[in-house]
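Quick notes on the structure that follows.
The values are calculated or read from the model by the stated rules, or taken from the named source; none is laboratory data. Just so we're clear, the structure is a prediction, and the values are computed from it rather than from any experiment. Ideal geometry is used to build each Cβ from the backbone, glycine not excepted, and the neighbour counts take in all protein chains shown.
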Amino acid sequence: MAETTTSSERSTADWQAADAAHFLHPFTDFKALAAKGSRVIVKGDNIYLWDSEGHKMLDAMSGLWCVNVGYGREELIDAATRQLKELPFYNSFFQTSNPRAIELAELLAEISPPGFSHSFFTGSGSESIDTIVRMVRRYWDIKGQPARQHIISRNNAYHGSTMAGASLGGMSGMHEQGGLPIPGISHIEQPFWFGVGQGTDREEFGRKAASWLEARILKIGADKVAAFIGEPVQGAGGVIVPPASYWPEIQRICDKYGILLISDEVICGFGRTGNWFGCQTMGFKPDLMTFAKGITSGYIPLGGVLVGDKVARVLIEEGGEFNHGYTYSGHPVACAVAVENLRLIRREGLVERVRDDVGPYLAEGLAAIENHPLVGEVQSCGLMAAMQLVKDKANSTCFDSDVDVGMICRTICFEIGLVMRAVGDRMIIAPPLVITRAQIDEMVGLIRTALDRTLEELKRRGAV
Ligand code: PMP
């Protein structure tokens, strides 16, 4: 390529050829994508995207669960520009700091639940997860209990793609590649009623799913367990909202055995569930929280760990040097965008809006979809939701995996101008928090059209 060009200066075919020749995409079958050609996204505004062919799409996934304030917000662009001019980079390693990182840490202490006063910054969700593994193990070392190394997570959890992130995640496809999980990590079954608990009472199932944690702790030995980690609502696993009984019971078990409780807030944080953090919606009090994505609305990479006072006190007062950190920990431009983004969320009351207005309104809209013949279950929490596609609604029978119903539906969504994601047979959405009621109507209308057309396509294939 000779010079930088704008999208309109190269044809889609040209972009696709260059993409296939040089760009290895995440979580992608490289050869298959090269044969097919990627969809080139060139523009975003509010909750809409445009591809290089000029097709407009409603982005019901907020990019990748992150563009909480929508595309094209001048406030964030200005904050980044100002900071780029003033101080584009400086590190926080050698007893230095910068105003934006300090302001961000201060603001996070303000908006987080009581008992959180300190933040450690990273560049992504995965780096935050790696940080937390090192941090909780270090904590127990300092406390004189170095045997407490083991971290318990859950099947079908997603905690990122670094060695520690993929290990803590419960995705078997990821474990198969690269000899994972790393030692000292194990998984219990997920609190997925539709998939694991059908035929039982939901709340009873929630308590049972929590009891699997206690059983695992006893098997390993409580004196060897450092922490339990979970997403308040599983995101990438398919927007799985646990029964209300689950998290309080998890909390009780962690307290009983003195095990640290980690809430992975990478998706649920910053308003997605109708509170600043998902743990508040689910009714539990973690010792540590990981965050990323929505903290900058995805405009620029930034992640981190909110460290509760119990852990922070030990690290600060008794720990000496913590031998961990990243070049971009506290990056001034990323922090400037985050500060402006959080102020904007606060100014526009987006968290309360999700809780009291658009969240319940989305739930109402989706309730009407629950009677669709393809939909076995709808779950939603704030502005994240899932629709479980089934072959036989009366008996909640799922499709055979070779039907790949999720991918059929997803392809149709793109054709009609809707970005909705498929996780197996679960169709999921997490639209920007700025979405209006009228736009929710538009989105739900598109979802219904997509489901109708999917059903037609399945009939055509003889799959239903
Ligand atoms: N934790 C959770 C709950 C996530 O959803 C993700 C990303 N989807 C991560 C961690 C990893 O974040 P990143 O992709 O920024 O590394």
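Residue 96 falls short on exactly one of the conditions (1) surrounded by fewer than 13 Cβ atoms within 10 Å (Cβ to Cβ); (2) within 16 Å of the ligand (Cβ to nearest atom), and that condition is (2).
Residues that are loosely packed, with under 12 Cβ neighbours inside 10 Å and modelled with pLDDT of 95 or more number at least 2 in the following helices (runs of 4 or more DSSP H) confined to region 1-78: 12-22, 30-36.
The set of residues from region 144-168 being small (Gly, Ala, Ser) and farther than 14 Å from residue 227 by Cβ comprises 144, 160, 161, 165, 166.
Please pick out the residue among 63, 44, 72 that is within 23 Å of residue 412 (Cα to Cα), of a type outside the set (Lys, Arg) and free of Cβ contacts under 8 Å to residues at least 40 places away in the same chain. Going through 63, 44, 72 in turn, the sole match is 44. In the set (1) within 15 Å of the ligand (Cβ to nearest atom); (2) surrounded by fewer than 24 Cβ atoms within 10 Å (Cβ to Cβ), the condition left unmet by residue 242 is number (2). Does residue 134 qualify as being within 16 Å of the ligand (Cβ to nearest atom), basic (Lys, Arg), touching a residue at least 12 places away in the same chain (Cβ under 8 Å) and not in a loop (DSSP other than H, G, I, E, B)? Against the criterion (within 16 Å of the ligand (Cβ to nearest atom), basic (Lys, Arg), touching a residue at least 12 places away in the same chain (Cβ under 8 Å) and not in a loop (DSSP other than H, G, I, E, B)), residue 134 qualifies.
Among the residues of region 276-300, those that are within 14 Å of the ligand (Cβ to nearest atom) and part of a loop (DSSP other than H, G, I, E, B) comprise 277, 286, 292, 296, 297, 298, 299, 300.
Restricting to region 308-331, and then to whatever is away from the ligand (no atom under 14 Å from the Cβ) and touching an Asp or Glu at 6+ places or on another chain (Cβ under 8 Å), can you tell me which residue is nearest to residue 117 (Cα to Cα)? That would be 308. Against the conditions (1) on the phi < 0 side of the Ramachandran plot; (2) at pLDDT 95 or above, residue 115 satisfies every one except (1).
For residue 124, the test of being of a type in the set (S, T, N, Q), outside the structural domain of residue 332 (by TED's automatic domain parsing) and within 16 Å of the ligand (Cβ to nearest atom) is failed.
Residues of region 193-208 include none that is in contact (Cβ under 8 Å) with a residue 40 or more places away in the chain, in the same structural domain as residue 286 (by TED's automatic domain parsing) and within 16 Å of the ligand (Cβ to nearest atom).
Let's see how each residue does on (1) more than 11 Å from residue 124 (Cα to Cα); (2) in contact with a strand residue (DSSP E or B) (Cβ under 8 Å, 6 or more places away or on another chain):
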| site | (1), (2) |
| --- | --- |
| 289 | yes, yes |
| 295 | no, yes |
| 300 | no, no |
| 305 | no, yes |
| 313 | yes, no |
| 317 | yes, no |
| 322 | yes, no |
| 331 | yes, yes |
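Of all residues in region 333-380, those satisfying the criterion of being within 20 Å of residue 235 (Cβ to Cβ), in a helix (DSSP H, G or I) and touching a strand residue (DSSP E or B) at 6+ places or on another chain (Cβ under 8 Å) are 359, 362, 363, 366. Looking across region 303-329, the residues that are among the small types (Gly, Ala, Ser) and buried (at least 19 other Cβ atoms within 10 Å of the Cβ) come down to 303, 304, 308, 312, 329.
Within region 82-105, the set of residues being under 16 Å from residue 305 (Cβ atoms) and assigned to a helix (DSSP H, G or I) comprises 101, 104, 105. Screening region 249-275 for residues that are within 23 Å of residue 130 (Cα to Cα) and more than 13 Å from the ligand (Cβ to nearest atom) and picking the one that is surrounded by the most Cβ atoms within 10 Å (Cβ to Cβ) gives 250.
Determine which member of the set 403, 434 is buried (at least 16 other Cβ atoms within 10 Å of the Cβ), more than 20 Å from the chain's Cα centre (by Cα) and farther than 13 Å from residue 451 by Cα. After applying the criteria, what remains is 403.
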